[in-house]
Each structure stands twice: as structure tokens, then as C-alpha cells.
Amino acid sequence: MECFCQGEMMACEAKEMSRIGSSEGFQPVSLKREEDDQPSETDQLSMEEREPETEVPVPKQISRLPSVVESALYPNPYHKPYLSRKYFVTRPGVIETAMEDLKGHITKTSGETIQGFWLLTEIDHWNNEKERILLITDKTLLICKYDFIMLCCVQFQWIPLSAIYRICLGKFSFPAMSLDKRQGEGLRIYWGSPEQQSLLVRWNPWSTEMPFATFTEHPMKYTSEKFLEICKLSGFTSKLVPAIQNTHKNSTESGRGKGLTVLTEPILIETYTGLMSFIGNRNKLGYSLARGSIGF
């Protein structure tokens with residue numbers, strides 16, 4: 001009997017121990033004290049260091065804006081700069097040398113005051129692009145063909161401001177059957193009537209007797225801030241129009257007596273096949289351009 005009782009007691013104790021171990025022995029115990037509810041010194045320092053970033057986020061965004069705008073306005077110095085290096089006019093000191101040469105030439109020949117320099121692209125009556133420097137003086141519009149490789153002026157075209165009677169601003173337009181069309185906007189300056197020109201002059205691709213000139217912005221406009229200023233067509237127009245108006249007011253010649261008319265209308269270029277301009281413009285033959293080595 002004693003053995004049976006002892007065995008029964010041991011079984012009961014084992015069952016009790018298993019019950020305690022399964023329900024209470026492995027409950028998670030929180031070791032957190034009341035002191036831990038307060039942030040530690042390291043936590044306070046990390047919170048203090050993060051506060052300036054969360055409190056004033058706006059100035060940091062504003063400080064990034066100038067760099068984004070600058071890269072959008074002048075992409076060439078940051079993206080594919082080798083494209084701009086192909087043009088000799090963008091090389092250091094070239095455009096400055098050209099300006100000094102033209103200043104010296106005008107001082108020796110006419111002594112007039114120069115009001116500004118611009119680097120634009122002329123589009124002739126056969127849609128050929130030609131790199132040109134334009135100068136406005138007190139009495140003259142000077143169109144210069146400059147060789148940026150040899151650094152010398154090749155050709156001058158002097159147009160009296162008093163002879164200019166019409167300026168047209170607008171998008172380029174072509175005949176409906178034309179195969180060589182261009183996009184964009186330009187400016188055309190008239191100092192004579194195109195209707196009075198003979199067919200031989202109008203259909204001669206090398207003719208220099210056309211009584212008007214057409215211009216658009218130079219492809220290197222966005223190379224730098226300096227070129228953005230001298231290649232901007234709106235900047236050239238804003239100087240040319242008042243210069244012509246002042247010349248007409250002060251002119252004592254009988255002339256046209258019509259003053260200056262500024263129109264906004266499409267600029268017509270009468271080309272149909274355009275094979276010559278297609279080849280020339282695609283290969284930039286009208287620009288002083290590095291075209292690679294020929295020798296070995």
C-alpha cells in the first residue's frame with residue numbers, strides 16, 4: 001500500500017509540474033523599468049540632430065532649383081560637350097577675336113558706334129544655312145561672313161538702316177509640293193522689293209542681289225550664357241527695330257517716307273526639290289566646323 005501511495009503521489013507531482021511548465025513557466029517577462037520610459041541621452045541627441053531636417057525642408061529644395069534650371073538652359077557643358085567643340089566659334093577666344101577684328105575695321109572705315117554683336121544663321125532664298133556675324137551701328141546693319149578657322153573676315157554686306165522698310169517675324173513656310181521643309185521661326189529684313197527681281201536672280205542659288213535677308217538662331221545658342229546672349233533672335237530684334245526707327249526719324253533723304261513696318265506672318269522660302277540645301281544643311285557646310293582628319 002505504501003508503494004502504491006508513493007507512486008500515486010509522484011504521478012500527481014509530475015502532472016502538476018507539467019501543468020506549471022506549460023502555462024506559466026515560459027511566459028514573456030518585460031524587463032522594462034519605469035526609468036526606461038524616459039528617452040536616453042543618446043536618443044535625445046539623435047532626435048535633436050534630426051529636427052533641422054524635418055522642420056525646414058523647403059529651403060533645401062529651393063537651393064537645388066538653380067542647378068536644375070542651369071542644366072536645362074545650358075545643357076551642352078554637362079551633356080555631350082564634344083558636339084559644341086566641333087564648331088570653331090565655340091573655342092576659347094575665337095568669338096572675342098572676331099569681335100575685335102570687326103571693331104577695328106568699322107573704326108577705320110566709317111568710325112560709327114557699334115550698338116551690338118550677334119551670331120546668327122542666315123537662310124538664303126534656296127534654304128541654305130550660313131553662319132554670320134551681325135553688327136548694328138548708328139546708321140548701318142552689317143552682315144559679315146567670318147572664317148572662324150583662319151580668323152579673318154571673308155565678306156561684308158552693308159545695309160543702310162534708312163533703306164530697311166519692313167521686318168517680318170514668324171514661322172517658316174514652304175510651297176505645298178516642297179520636299180525640303182524646315183521647322184522653327186525666323187526673321188526677314190526687307191530693304192527692296194522682291195517682286196522687282198528678275199527670274200534669273202530669284203532662281204540663281206549663288207545670287208547675292210536678293211533685296212532681303214532671313215535669319216534664325218545659331219545652333220550653338222545653348223552652349224554657354226555668353227552664346228545665349230549673342231545668339232538670341234529676340235535680342236537682335238529688340239535692338240534693330242528702334243535703331244531703324246531712329247534712323248528714319250533723323251533721315252533727311254526723301255526716300256520712301258513709309259517708315260518701318262513690323263509684321264508677324266509666315267516667312268515663305270520658295271524651294272521645291274531642295275537637294276542642294278538638303279546635302280549642305282545636313283552636313284553643316286555653312287559653318288566653320290571640324291570635319292576630322294583626312295591624312296593617315
* **Matching residues, region 77-104, being within 14 Å of LYS226 (Cα to Cα), open to solvent by 30 Å² or more (accessible area, probe 1.4 Å) and either modelled with pLDDT under 65 or of a type in the set (A, V, I, L, M, F, W, C) (or both)** => PRO77, MET99
* Count - residues of region 188-228 that are out of contact with any strand residue (DSSP E or B) (no Cβ under 9 Å at 6 or more places or on another chain), of a type outside the set (Lys, Arg) and open to solvent by 50 Å² or more (accessible area, probe 1.4 Å) -> 11
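Among the residues of region 144-172, count how many are touching an Asp or Glu at 6+ places or on another chain (Cβ under 9 Å), part of a strand (DSSP E or B) and either over 30 Å from THR264 (Cβ atoms) or not basic (Lys, Arg) (or both).
The qualifying residues number 8.
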* Structure fact -> In region 115-155, residues that are of a type in the set (A, V, I, L, M, F, W, C), without any contact (Cβ under 8 Å) to a residue 40 or more places away in the chain and over 13 Å from PHE236 (Cα atoms) total 2
* Here are some residues: GLU122, GLU131. Which one is open to solvent by less than 10 Å² (accessible area, probe 1.4 Å), among the charged types (D, E, K, R) and out of contact with any His (no Cβ under 6 Å at 6 or more places or on another chain)? -> GLU131
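The values are calculated or read from the model by the stated rules, or taken from the named source; none is laboratory data. Nothing here was measured: the structure is a model prediction, and the numbers come from that model. Positions of Cβ are generated from backbone atoms using ideal geometry, with glycine treated the same way; all protein chains shown enter the neighbour counts. With ligands, DNA and RNA removed, areas are computed over all heavy atoms of the protein, side chains included. Shrake-Rupley method; radii C 1.70, N 1.55, O 1.52, S 1.80 Å.
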